[in-house]
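Here the structure is laid out as structure tokens; the discussion comes afterwards.
The values are calculated or read from the model by the stated rules, or taken from the named source; none is laboratory data. These figures come from a predicted structure and were not determined experimentally. A quick note on method: Cβ atoms are made from the backbone with ideal geometry, for glycine too, and the neighbour counts reach across all protein chains shown. In case anyone asks, the SASA skips ligands and DNA or RNA and just uses the protein heavy atoms, side chains included. Shrake-Rupley method; radii C 1.70, N 1.55, O 1.52, S 1.80 Å.
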Amino acid sequence: MDRVKSSMQQVPNAIPKVIRRTGGANSLELEKENFERGQAVSINKAINTQEVAVKEKHARTCILGTHHEKGAHTFWAAVNRLPLSSNAVLCWKFCHVFHKLLRDGHPNVIKDSMRNKADLTDMSRMWGHLSEGYGKLCSIYLKLLITKMEFHIKNPRFPGNLQMSNRQLDEAGENDVNNFFQLTVEMFDYLECELNLFLGVFSSLDMSRSVSVTAAGQCRLAPLIQVILDSSHLYDYTVKLLFKLHSCLPADTLQGHRDRFQEQFKKLKSLFYRSSNLQYFKRLIQIPQLPENPPNFLRASALSEHISPVVVIPAESSSPESEHVVETEDLVDTDVPALPAAVETTFDDLFGTSAAIDPFNFNSQNGMRKDDKDRLIEQLTREIEALKEELESFRLESGRLCQALRGRVSELEAELAEQSHLRLQAAGESEFLKAELEDLRRVREDTEKEQRSLTEIEKKAQANEQRYTKLKEKYTELVQSHADLLRKNAEVTRQMTVARAAQDEVEEVRREMQEKVKAAQEVADRQEREQLHQLQELQRELVSNRVELESLKTTMASSQQSSEVLSSQLVTLETEKAELVQSLSKVEAELAVRGEELERVQSSLATERESGVKTAEALQNQLNEKESREQALESQLVTARWSSLQGAVEEAEKIIQDSLAQIDDPAHISCTSSADYLASRCQASLDCMERLQSAREAFLADNTGVSDLVRVVTQCGHLVGDTIVQGSATSHMVPVEQADALSESVKACGAEALALLGQMKQQDSLAAADNGKLRAALEAILATAEKLRPRGLELQQGELGDLVEQEMAATSAAVESAAARIEEMLNKSRAVDTGIKMEVNERILASCTELMQTIKELILSSKDLQRDIVEGGRGAASMKEFYAKNSRWTEGLISASKAVGWGATVMVDAADLVVQGKGKFEELMVCSHEIAASTAQLVAASKVKADKDSAKLHRLQQASRGVTQATAAVVASTKSGKSQIEETDTMDFSSMTLIQIKRQEMDAQVMVLELETRLQKERERLGELRKKHYELAGVAEGWDEGEEGTG
């Protein structure tokens, strides 16, 4: 540039602006034409029908063109003229070049390419109809490119090559967990498309042959380099985002993410491994290997163990500089051509040639000849060309240096990851060396123990040898003792031999030898005493023992031989001892080396311990803060519990005060109640008092159980208030004296209840609160209610228990009898009837038999449930007392059981008449409905006092449903039989005249009117009967008293 400035300064007069403006416009147009021509040539060379890989220089020219143009208009203008839909290889190579442009081209390439998204989608759908070859691969590749464009449009912070730092990745999510969640899903979809293309290419190749060295194989494998680059970044970002999500969301929410990652991890690992073994990739790209196991996202510390996969592309050694220069010259035309002569002539014709008239005569104005200007322009043009060439060479050199630096950075990152891995391995080896050092220490201790045992054995052997010498000197006195000792010595020698053969059992052999030597010493001492005693006898028997002396001499010789063997064995032990000492010295040397390593490990452990101490201090501070927060929350919780208890107590006080206010209300005088109902309310209040006492004690023992106390306090308030109201209502039904006493008892009960609740409201008086006075007041009301109960039915109530058993037995007997009669009727029908009538009778009687069986099961289930109710509710009272106490419930059971037995008997009679042809089918259906109603009454009466979770109640309900189904079956079979029999009586009007048919029609109308009138009257009669039945049943079961109690 300095040379250009100096050249411009040498010109005395500047070039006129008109020529400069005209020449600049022509040069820009020429430059644009040359650029478009060069781009078209490179695109046509890169995207052709030859089944070979795309050359890197042509793809690089296309990439430089997008940066020069700052977009992809020229690329798409050239591509749209190519027949991509008619040739699969051409479309495949277009996808490869387009993928390179999306990754390394100008950022506006993605925006310019979105206009062609619909065409790419249609093309992908069209190629998807092919199931093999390049067509299927083109469909998958186009889907990948569309997904890539959509991803970058949605996430503009991600560059085309997906290279981002951790800070940029955090900024992409804008610190919002929802954005990170959605971004992870989009990356999963993106990586899924990459893996589909990977699998599609590998499945289309014959891996049994070396396809990577053929041109066709390289054509299919070349785009996978871009896929590997994208996949490595997507895998790394997915791992980091999943760790971030697991730190913010619960693990169950991210279960789907983890499952999808596991599946993609296995596929990507397998594909990376298969790609790294192909010869084609080994010289173009260094493919990373994923870890053996996927990261554990449930453990936050596993993020530090994650190593980002680094893809290394070696620096290009081929492609000489001249080739780059030629491509660059083709890409950008730096020539500034001189104006042709025709242009100058036209200019002179238009404006004239006179220097005096034409002010634009350059030669005369500048005082220069045309040749000087041409030379100056040519000189400047050459300098500009030289500068451009120098600039281009500088750009190429800087590009190569940047590429080399990127490769070096990738190598350093890989080395860093490897060093981190080696550090982890060193830590593991350190742990292993520690364990090995401990093993060596234990081995050393065992060796010392063996050495001590060996020394003891040697001492014992020397002691035995000395004893043997002493025994030899006293041969004449202790011959027999010497022989015994020799035998013991031989036995000890054999034990020593066994100890040498198995050194791991030396300790046990030593203990055995010590025991045997001690035994031998004891035997020797004992025999020595015996020998002294027998010495005199031996002297007297000396003559007779001459022969024995000879035998002893032979024995002596054998003992000498055994002593020689013992000496040789001792020499062997000495050599073994020397070998053990030598091995011990080697072990000590190894221990010294291990000690140095241990010191180094201890120093590293000391530094780690210091960092651990700092971490522990930070955790302790956090723990202290957490404890302080927990204490504050605990105090707030205690306050909330006490406030909830106070609220419940105040609510109970309001309920009791409202009940006391109702007593004095004049409108309350018209309210009445029964003594039985008052007694039941008092008993419920007393039971609640016991629960209140236990809940209060539990709350005093542990103040966390406030919910039970709140519940019981509220329930007590309601029950005591209800007792007060019912007591006042009962006093309106009794004589004046008893009414006054009952009213005073009720008011006293209310006062005691308010006093108890007042004590429970204060925290300091809660422990001293006593419900004894309130219990006494309730018991007084209960005693008064018992006195006011009528005495006329005592005898009858005492007999209720027997009556229940009698009625249930009678019902069972009635059902059994009905079942037997139905069986008898069925046998008679089979013997007498034939045809449709026999079929109808069998169907009806079979359904009646099934109904009787279900009724029998219902009665048995009802008996079991009643027995369970009585056992659970009578307490210490007898069964009759329980029935008498619950007289209304008992009378309901009796009434229901009577209705069931009566209904079974009536239904059997109706069935008998139907079978005989004398009865009506409607009677049988009505009886079935009555039985269903009676069983429902029995179930309802049994269900009143049963536990809702009782298994016997569940069985009773199942039996009730069975009775309902059997009743429906009886009605259905009856209706079906009736329709079959009526069909047999066909109406034949063929032989009747017009007058006869008219007469029959009038008679039928009269009959219809009569039947309608009769039907209306019978319905009114049925209504009156039901009303009367309801009144009688109410009087029998005491419904009027129940209504008074509720009033």
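Which links in Lys148/Lys267; Lys244/Lys266; Lys240/Lys434; Lys761/Lys948; Lys45/Lys111 stretch past 27 Å when you go from one Cα to the other? Walk me through the numbers before you get to the answer.
Working: Lys148/Lys267 20 Å; Lys244/Lys266 22 Å; Lys240/Lys434 35 Å; Lys761/Lys948 36 Å; Lys45/Lys111 25 Å.
Check vs 27 Å cut-off fails for Lys240/Lys434; Lys761/Lys948.
Between His668 and His929, the distance separating the two model label sites (each 7 Å from Cα on the Cα→Cβ line) works out to 4.8 nm. Gain on full extension, evaluated as 0.36 nm per residue between Ala739 and Gln279 minus their Cα-Cα distance, stands at 154.5 nm.
A quarter of the convex hull surface defined by the alpha-carbon atoms of the stretch 590-660 gives 7.7 nm² as the mean projection. In terms of Cα atoms, the Rg and Dmax of the stretch 242-299 work out to 15.0, 45 Å.
Per-residue surface analysis assigns Lys945 an accessible area of about 80 Å², computed on protein heavy atoms at 1.4 Å probe radius.
Partners of Lys470 within straight-line reach, counting lysines whose Cα lies under 24 Å from its Cα and excluding those fewer than 8 residues away in the same chain: Lys459, Lys460, Lys488, Lys516, Lys518, Lys553. Near Val312, the amide H atoms lying under 5 Å from its own belong to Gln286; only residues 5 or more places off or on other chains count, and H is placed 1.01 Å from N. Full-extension gain between Asp371 and Glu445, please, as 0.36 nm times their residue separation minus the C-alpha to C-alpha distance. Full extension from Asp371 to Glu445 adds 15.9 nm.
I need to check one value: relative contact order of the stretch 16-159, counting alpha carbon pairs closer than 8 Å and at least 6 residues apart, in percent. Don't jump to the answer; show the numbers that get you there.
On the way: 137 pairs, mean separation 29.8, N = 144.
Over the stretch 16-159, the number comes to 21 percent.
The mean sequence separation of alpha-carbon pairs under 8 Å and at least six residues apart, normalised by the residue count of the stretch 81-158, gives a relative contact order of 31 percent. Here the Karplus relation 6.51 cos²θ - 1.76 cosθ + 1.60, evaluated at θ = phi - 60°, turns the backbone of the stretch 255-272 into coupling constants of 5, x, 4, 5, 5, 5, 5, 4, 5, 5, 4, 4, 5, 5, 4, 5, 5, 4 Hz, with x for every Gly and Pro.
Rounded to the nearest Hz, the phi-derived 3J(HN,Hα) couplings of the stretch 185-200 under the Karplus curve 6.51 cos²θ - 1.76 cosθ + 1.60 (θ = phi - 60°) are 4, 5, 5, 4, 5, 4, 5, 5, 5, 4, 5, 5, 5, 4, 5, x, where x marks glycine and proline.
Where the alpha-carbon atoms of the stretch 133-278 are placed on the principal axes, they occupy 50, 29, 25 Å, in descending order. Size descriptors for the stretch 204-304, from the alpha-carbon set: Rg then Dmax equal 16.7, 51 Å.
Using a 1.4 angstrom probe with every protein chain in place, what is the largest-first accessible-area order of Leu584, Leu678?
In descending accessible area the options line up as Leu584, Leu678.
Figure note: Ile656, Ile225, Ile377 ranked by solvent-accessible area, largest first, 1.4 Å probe, ligands and nucleic acids not counted: Ile377, Ile225, Ile656.
Largest first, how would Val815, Val593, Val54 line up by accessible area (1.4 Å probe)? Don't skip to the end; give the middle numbers.
Details: Val815 0, Val593 80, Val54 20 Å².
Of Val815, Val593, Val54, the descending order of accessible area is Val593, Val54, Val815.
When the surface is traced with a 1.4 Å probe over the full set of protein chains, Glu413 keeps roughly 90 Å² accessible. For Asn296, the amide hydrogen comes within under 5 Å of no other amide hydrogen, counting only partners 5 or more places away or on other chains and with H modelled in the peptide plane. Label zone (Ala216, point 7 Å along Cα-to-C-beta; backbone nitrogen cut-off 19 Å) within the stretch 44-73: 48-54.
So if each residue of separation counts as 0.36 nm, and I subtract the Cα-Cα distance between Glu1010 and Thr714, what length gain in nm does that give?
Details: separation 296, 0.36 × 296 = 106.56 nm, distance 6.48 nm.
Extra length available between Glu1010 and Thr714 comes to 100.1 nm.
Legend: calculated FRET efficiency, Lys1027 to Lys948, from the Cβ-Cβ distance at R0 = 45 Å, rounded to 0.05, equals 0.85.
Phi-derived couplings, Karplus 6.51 cos²θ - 1.76 cosθ + 1.60 at θ = phi - 60°, listed residue by residue for the stretch 35-42: 5, 5, 5, x, 5, 4, 5, 5 Hz, with x used for Gly and Pro. Counting only heavy atoms of the protein chains and using a 1.4 Å probe, Val581 has close to 80 Å² of accessible surface. Label separation (Arg609 vs Ala426): 2.0 nm, computed from points 7 Å beyond Cα along the C-beta direction. Net charge of the neighbourhood of Ile995, taken over other residues with C-beta under 13 Å away and scored Lys/Arg +1, Asp/Glu -1, is 0.
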